[in-house]
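K.L.:
Can you keep this structure in mind? I'll have questions shortly.
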């Protein structure tokens, strides 16, 4: 019984360099392997490898799907390499859609920070659709490998009250 447990533990611990050391900051000059990038030498790691500042500005949604994704994956945010997590900012204009897609390597958590959207996924075992209208403050998880999507079927873009007030001041209007 001990041998199979040892083999399973060995397999799990070898799937990521971060599992056998504190972290594995991506060395983007090295190869991207199925388990992530090779690790930077510890002496070359700085605090900046663990900070990403690229999600503050909205993306350009003037495209056919009226959506923009700003990734914070290992390629952009070296500190998440090997940790099994990543982040991205999704901007959806009115009638914007993120078409059905999947992430075989990980689950996705969606946090609505402004506006409201319709989001859902399809289970593979029951072939059931899980669909929900989400509003500001709602969180939805899409389990690993399941087809999922997001749609902004609202009449407004994701602007908070302060942004709307600024626009009214510039463009005029009271409604």
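K.L.:
Kindly put 89, 144 in sequence by how many other C-beta atoms sit within 10 Å of each C-beta, fewest to most.
P.N.:
Ranking 89, 144 by Cβ neighbours within 10 Å, fewest first, gives 144, 89.
K.L.:
Hey, another quick one. In which sequence would 138, 48, 22 go, from the one with the fewest C-beta neighbours within 10 Å to the one with the most?
P.N.:
Listed from fewest to most nearby Cβ atoms, that is 22, 48, 138.
K.L.:
How high is the FRET efficiency between residue 29 and residue 128 when r is their beta carbon distance and R₀ equals 41 Å, given to the nearest 0.05?
P.N.:
0.35
K.L.:
What does the extension gain come out to for residue 64 and residue 107, with contour length at 0.36 nm per residue minus their alpha carbon separation?
P.N.:
Once the chain is fully extended between residue 64 and residue 107, it gains 12.9 nm.
K.L.:
Order of 87, 100 from fewest to most other C-beta atoms within 10 Å?
P.N.:
100, 87
All of the numbers you see were taken from the coordinates with simple rules; none came from a lab. Since we're looking at a predicted model, the values are computed, not measured. Neighbour counts run over all protein chains shown; Cβ positions are idealised from the backbone, glycine included.
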